[in-house]
Structure formats: C-alpha cells, structure tokens
Amino acid sequence: MKKSLFSLSLLLATASAVADNPCVQTCYTTDPAPMVHDGRLYVYTGHDEDNASFFEMFEWRVYSTVDMVNWTDHGSPLSLEDFSWADDRAWAPQCIERNGKFYLYVPVYSKLTGAMAIGVAVSDSPTGPFKDAIGKPLVDGNWAYIDPTVFIDDDGQAYLYWGNPDIYLVKLNEDMISYSGKVEKLKQTPESFGTPLNNSDSKSSYTEGPWYYKRNGIYYLVYAAGGIPEHIAYSTSDAPTGPWTYRGIIMPSIGWLNSFTNHPGIVDFMGNSYFFYHSGNLPGGGGFDRSICVEQFDYNTDGTIPSITPTKTGPNPIASLNPYGRVEAETMAWSEGVGTSQNDAVGVYVDKVHDGDYIKVSNVDFSDEGAVSFGACVAGKLKGNQIKVFLDSKKGELVAKADVPPTKDADTWEYFETPTLKEITGVHDVYFVFSGGIKNKALFNFDYWTFKTSESSVEINNANSSYIVVYNLMGVKIFETDDKAKISSLPKGIYIINGRKVLI
Ligand code: FUB
C-alpha cells in the first residue's frame, strides 16, 4: 500500500519513521475496539480501502499485543461476504467474550431494507474465523443503526448501545444473539450528552461511535461528539441504562490528526488504562484512510477521565519480547513499505517486501544468554535477497546479514539459519531491513523469525537427527557421530552441523 505513497510524501514518511502511532502501518485501520482476553489485548478494527473517497470498507481486522508496542496482525476474521444479507459498509465493530464464545457486533448495509443494520457473528477464537450467528440482522432498517457497543454487567445482563445521530439501546439475551423488549431510543439533552456545537440541529453534542463500559461502579458512555470535525466526549451514569450526565471532552478535534471522524475505545490492561482512537496520519492517510492509535492514561481519583493528548509515540512498553521463540514476522512496532496477507498454509505473513523496506520490533530482550544465530521462514523464487538485522535504529549496529534462499515459488516456505555477526545480548529495538537486486518488485514473503543461543542452536540440530555430521566453514568434514556429547569437544567457532551454520 505505502510503496507509491512514500515517494509522494517523503517528508511525512521520514517524520513517521521514529513514531509508533499509528499502531498498524501495513494497511489503513479504523474504529478501534479493544478487548482483553487471556493476558492479551486484542483490537478489532475496520479497514479503509487505499485511496478511498468515502468510508469504503469491506472487512474487519484484528490485531493483538502483550507489550503495547509490538502488534501482531491476525488478519481479517470476518468480512461482508460472511453476511448473505449485507453488501456494503463494514463499519465500526466490537467483540465480547461470553462462556468461551466470541461475539462480534458490526454495522453493515442491509440488502433486505436498503438501510443500515447490525449483525452479530460468532467464533470459538478471538481471532476468528467468525460466522454470521443468526443468518439475518439483529436490528435492521435505519440509517442511524451504526457503531454497536456491547457490555455484560456483573449481574449477567448484556447491553447493546449504538447509533448516529440517535442513541439506541437493547438488552441482549444470555445467548448474545437475540434481545428482549423493545429497541429504546435515548433522550438526548445538553445535560446528558453535552451542548450541541457548530450551530447544528442536534439535541446534544453526541454524534456517533459510542463505547460503553463500567469501571468501579461507574457506567461510561464515551463517544464521538460535536459533529464534523469530531472530538471525543463522555457521559457517566450510576445505572446501566442511565440517566446519563455529560462529563466533558476527552480528546478535542485536532488538525494534525488529519481525520474529520474520531472513534473511541477504552480498556484496562495489565494495570494500565488505554485510550484508542484513530487519525489520518499514515502516509497517504486522511478522513477516509484512517489508522488506529493508542495512548495510556490515568483516571482521576473520582473516576473522571482526564483530557488525553494524542502523541506520535504512543504508550511505553509493559513487557519485553523474547526473541528465542518463534516470532511471527507480522508482529511489529513499526514498518515501512511491507504489507500482510493470509492463506490457509501459514496464516498471516508479511508480503510486499521491497528493497529498502523494513520492520522494527521494539524492546527485544536477548538477555545475557546471547543470540548467535538468526533463523527465518521465507518464500519466494528471486535470488540475491538479504535480511539485514540492525540494533536500535535502521542504521544502527549490523548484527546479522542473512542471504535469503530462493524457494520454488512464493507459496513454498523454507526455514533457514545464519550465524549472527556477533553475540547479541541485552534489550534492543531490532530492525529487519530488506534488500534485493530488483527495485520496485516484491522480493519474498516472510512468515516468522527466531534467534538462537549457542546452546539452543546445538539442541535444535541435535533434535532434528540423532546422527550428527560436522563440517568446518571450508567444507571439510570434521567428524560424524551419533554421540551428541562430542559436539562439546569442538573448539569455539562456527561449524556446519547437519547442514546448518552454528556458532559453538
Ligand atoms: O468507519 C466508518 C464510520 O466512521 C464509523 O462507523 C464511524 O464511527 C466513523 O468512524
């Protein structure tokens, strides 16, 4: 996506290179809806098409993090095609878990009524795939039916709010895919939802994008307000269905955010509170090409929400990343140029890898153990490509230079390893910088990577075979043996053990 956009806005791209907001750079993402499950923070988003001139959106996407700086792309768990009765406007989603199932509520254009509707999809996994839970809309037939937000109260009663410019509410049944009673339209007043701005005919400043939750006994409705350009405001109540009291602005409309809409999502994760929103701040971005962002904040002691300032850096890391396991290539703090795709064989992977593109992974803890080899799983038949690994900046210390082996085709995956240029220890931002002989052409696909310590390198080689053949780097065989212990008798150095380079 960004390849052509980068040359047009080189200045902006350079400025963005140090920033970690927006959270996702591989496509435009909108309307963030965070959900915590099992120690991981997921965020469900819409997806603005490139170069859009309206809210052209056909699928939803899901990303997750454990450290608040590196985001893993889980692809698209649901798209318009999954609803036989809908064919446009895959707008702002929200997901919630109940009894081990995940329910994703989405606004879509209904072919049945020729207006907007809210659908519900269900999955056994937070990353999908989701399927239409009822084969028809949950509510249908009103242009105001967008932006559902869902919450299950302590007594088990679930509530669904939604709407633009009116606010609607139903009580969901325990099955989460039906409701009891009537759809209620809330009364909007300046006292409940703020004074209308911009001389509008509105009854309050509420516009759209409600985000409903409860914290320490206070019910919150956070929403886009003030018409266009939107700011984020909120109201509170001591009961799940109101009455609501307007509490003020959380994030004003700010010119440099470069988006006339905004859309809130708030969640507590690992003892911190996070505010999600969107901007038009990727290269080529704007009001119809938006990108999700996040800030950390602290509630005031009385539970009110402070004013939150958008930043280009986002929150601090709350955990480090372990490079000694398998790390998906689509886990990144920042990237330039690359995209992502998904297939049945490997799931989500990085594609559109061009000469000069890079991926940054933040706060990687190599510990004292020290990495001595770098491994990656790649696919692509072009020769002469490299992954160079730098520490702490794109032009930092070069610690590995891996020749990417050509494979049969872009769908044939091969794992390879290469020794690092030094033993890597400590905590670093890691930059994978891609190079290849062919300019402006996608070089290869990239599924996952790992680093190994000298111990794990030997273990991996031993694990693959009980019979070990050891060569030196000149290709001279040193010994072959079925006695693993013999490896420890080798002097320190780099060897080819069972076809792989290993630093002992
Ligand atoms: O993303 C499409 C629409 O734009 C959403 O439904 C609104 O909340 C606004 O963000």
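Kindly indicate whether any position in the stretch 288-299 is over 21 Å from Y44 (Cα atoms), at pLDDT 95 or above and not β-branched (V, I, T).
Step one: filter the stretch 288-299 for residues over 21 Å from Y44 (Cα atoms), giving 298-299.
Retained after the next criterion (residues that are at pLDDT 95 or above): 298-299.
From what is left, the residues that are not β-branched (V, I, T) are 298-299.
Yes, the conditions are met somewhere in the stretch 288-299.
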Practice problem: Please work out if A117 is closer than 22 Å to W211 by Cβ, surrounded by fewer than 24 Cβ atoms within 10 Å (Cβ to Cβ) and within 14 Å of the ligand (Cβ to nearest atom). | Solution: no
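Residue under question is S110, and the condition is that it be within 16 Å of the ligand (Cβ to nearest atom), surrounded by 16 or more Cβ atoms within 10 Å (Cβ to Cβ) and among the small types (G, A, S); does it hold? So that I can check it myself, show each step before the final result.
Working: within 16 Å of the ligand (Cβ to nearest atom): yes; surrounded by 16 or more Cβ atoms within 10 Å (Cβ to Cβ): yes; among the small types (G, A, S): yes.
Taking the combined requirement at face value, the residue satisfies it.
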Self-check item: Options S202, S237: the member that is away from the ligand (no atom under 14 Å from the Cβ) and touching a strand residue (DSSP E or B) at 6+ places or on another chain (Cβ under 9 Å)
Solution: S237
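At least 2 residues that are open to solvent by 40 Å² or more (accessible area, probe 1.4 Å) and in contact with a Lys or Arg (Cβ under 7 Å, 6 or more places away or on another chain) in each: list the strands (runs of 3 or more DSSP E) lying fully within the stretch 394-456 that qualify. Reasoning before the result, please.
Values: elements: 397-404, 413-424, 427-435, 445-452.
Qualifying strands (runs of 3 or more DSSP E): 397-404.
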Quiz item: Given the structure, is I266 within 16 Å of the ligand (Cβ to nearest atom), under 19 Å from T30 (Cβ atoms), open to solvent by 60 Å² or more (accessible area, probe 1.4 Å) and assigned by TED's automatic domain parsing to the domain that holds R290?
Solution: no
Quiz item: Across the stretch 175-194, what is the number of residues that are touching a residue at least 40 places away in the same chain (Cβ under 8 Å) and either over 15 Å from A144 (Cβ atoms) or in a loop (DSSP other than H, G, I, E, B) (or both)?
Solution: 9
Practice problem: Working only within the stretch 200-224, note down all residues that are touching a helix residue (DSSP H, G or I) at 6+ places or on another chain (Cβ under 9 Å) and open to solvent by less than 20 Å² (accessible area, probe 1.4 Å). | Solution: S204, S205, Y206, L221, Y223
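Output the residue which, of all residues in the stretch 287-323 that are part of a strand (DSSP E or B) and either in contact with a Cys (Cβ under 9 Å, 6 or more places away or on another chain) or on the phi > 0 side of the Ramachandran plot (or both), is farthest from the ligand (Cβ to nearest atom). Steps first, please.
Step one: list which residues in the stretch 287-323 are part of a strand (DSSP E or B), which gives 289, 291-297, 321.
This time we only want the ones that are either in contact with a Cys (Cβ under 9 Å, 6 or more places away or on another chain) or on the phi > 0 side of the Ramachandran plot (or both), so: 291-294.
On the way: S291: 12, I292: 11, C293: 13, V294: 16 Å.
Only one residue tops the list, namely V294.
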Self-check item: Residue pairs meeting the criteria (Cβ under 7 Å; at least 6 apart or on separate chains; first at positive phi and in a loop (DSSP other than H, G, I, E, B), in the stretch 261-282; second open to solvent by 10 Å² or more (accessible area, probe 1.4 Å) and more than 10 Å from the ligand (Cβ to nearest atom))
Solution: M270/I318
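The values are calculated or read from the model by the stated rules, or taken from the named source; none is laboratory data. Note that this is a predicted model, so its numbers are computed, not measured. Using ideal geometry, Cβ is built from the backbone for each residue, glycine included, and neighbour counts are taken over all protein chains shown. Accessible surface areas use protein heavy atoms only, side chains included; no ligands, DNA or RNA. Shrake-Rupley method; radii C 1.70, N 1.55, O 1.52, S 1.80 Å.
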